[in-house]
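Below you'll find the structure, written out as structure tokens, and then a few comments.
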Amino acid sequence: MAAPQVEHELHTRRFSRNLGVALTLVCFVFIVFGLTYVKITNGGLNQGFDHVVRPELMPLEGAVTEGN
Amino acid sequence: MTDATQQIGSYEDEAQFGDYVALLKPRVMSLVVFTAAVGVFVAPVSVHPFVAFVAILFIALGGGASGALNMWYDHDIDAVMKRTSRRPVPAGKVTKGEALSIGLWLSGIAVVMLGLAANWVAAGILAFTIFFYAVIYTMWLKRWTPQNIVIGGAAGAFPPMIGWAVATGGVSVESVLMFAIIFMWTPPHFWALALFMNEDYSKAGVPMLTVTHGRRVTRTHILAYATILAPLAVGAAFTSIGGWIYLLAALYLNVRFVFGAYKLWQRDEVQSEADSYAAEKKYFRFSLTYLFASFGALLLQAFWVQGFGMGAW
């Protein structure tokens, strides 16, 4: 049997505060998400290097490495 | 009973969300939003609309945070002055500690988020602005020298410079001129207010120029600053952000601003008291129009150059 739901006086009294904080947090999440999306899609030379060979780090063919 | 309500006294004055928003001085924030937006949009570098929106939002939040720090430190004089006595801290809605905490947290969030959204030059200028307003102006100059609002006015002058830095990543003559316009506009604006709110500042012991040197000297200072402001404002028309739209607006607004200051300078206290400071109140209202119209003209000029279609985006 479910417990009776009684609205506590504290919740009523602080409703505007709680709602304001909740909306602010939702907006903040949206902003961070939006920024991430924009930064990634407009990032220019983004490179992901997860187990992928990075050609620019490979020694040039025929190049003499220092010390030899 | 272990109920939490037993541990707290009266709830009649408990703060609502709006009281915390009031800590951030929303009216000042609107000016910050506007001037920062102008700084972003008149810059020659295009910014993604969402990045621009977020940057302006956090510049405004930084401004709001410094407002909360101001209300924390000035709670004693805010309670004395009629104009500020209903602010959340003197009204007993928000505690001093809450104002300080909100101010510090929001300052940190605003600076970090602006740095991440735009660049660290803009974030650095924002951090300096908050420091300047909260520490240099509020804690130091405001109660110490009648030149308080002259130097403290710099805090309000930084937003377009931050906006410009958001777009360009640096500082240039155009952003310095936008800073200079607000910097030189602030003293006539606040001294016009002080002319008809003199009693408030006297009661609070704030050394406003009207309190320390009298209204005659204040009127002379208003005229001097308005006169110095005019060539700076008109001069901006001949930089990369200027053009004929802004030039015409600047000429009209500055002639009116200087002429208004001259009329105030001609008046004495007998005349002012006879009409309940009507001219001073009118000049104060016009000073607000002046700033919005000047920066509005810069924005219009930029959109005109970009073809209204915001083609740069």
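Along the axis of the charge dipole computed for chain B (Cβ charges of +1 for Lys and Arg, -1 for Asp and Glu, origin at the Cα centre), the listed residues B:192, B:149, B:247 are led at the positive end by B:247. Explain nothing, just the number: relative contact order of chain B, from Cα pairs under 8 Å at least 6 residues apart, as a whole percent. Taking the mean separation of contacting Cα pairs over the length of chain B, I get 18 percent. Modelled label positions at residue B:144 and residue A:17, each set 7 Å beyond Cα in the direction of Cβ, lie 3.6 nm from each other. A Förster radius of 51 Å, combined with the Cβ-Cβ distance separating residue A:61 from residue B:305, puts the computed FRET efficiency at roughly 0.50.
Here the protein assembly as shown is treated as an ellipsoid with the same Cα gyration tensor; its semi-axes, largest first and in whole Å, are 41, 35, 18.
Find the Rg to Rh ratio for the range B:172-308, where Rh is the Kirkwood radius over alpha-carbon pairs and Rg uses the same atoms.
1.05
What is chain B by shape, rounded, prolate or oblate, if you read a ≥ b ≥ c off the alpha carbon gyration tensor as root eigenvalues and call it rounded for a/c under 1.5, prolate for a/b larger than b/c, and oblate otherwise? Here chain B falls in the oblate category. Only lysine pairs 8 or more places apart or on separate chains count here, and in chain B those with Cα atoms under 24 Å apart total 21.
With a 10 Å cut-off around each Cβ of A:24-32, the average count of Cβ atoms from other chains is 2.
Peptide B:107-119 has a mean of 1 when you count, residue by residue, the C-beta atoms of other protein chains within 10 Å of its C-beta. With the simple spin-label model, which puts each label point 7 Å out from Cα in the Cβ direction, the residue B:262 to residue B:202 separation comes to 3.1 nm. Counting neighbouring Cβ atoms within 10 Å and putting the fewest first, the residues B:128, B:295, B:58, B:259 line up as B:259, B:128, B:295, B:58.
Simple rule: put +1 on each Lys or Arg Cβ and -1 on each Asp or Glu Cβ in chain B, find the dipole, and look at B:283, B:56, B:107; the Cα lying farthest toward the positive end is B:283. Under a 10 Å cutoff between Cα atoms, tell me which one of B:120, B:105, B:72 has the largest fluctuation in the Gaussian network model of chain B. Most flexible of the set in this elastic network: B:105. Sorting B:29, B:71 by the number of Cβ atoms found within 10 Å of their own Cβ, with the fewest placed first, yields B:29, B:71.
Going by neighbour counts of Cβ atoms within 10 Å, the residues B:25, B:281 line up, fewest first, as B:281, B:25.
Averaged over the residues of A:16-22, the number of partner chain Cβ atoms lying within 10 Å of the residue Cβ comes to 3.
Quick note: the coordinates plus some simple rules give every number you see, no bench work behind them. Source: prediction; values computed, not measured. Heads up, the Cβs are rebuilt from the backbone with ideal geometry, glycines too, and the neighbour counts pull from every protein chain shown.
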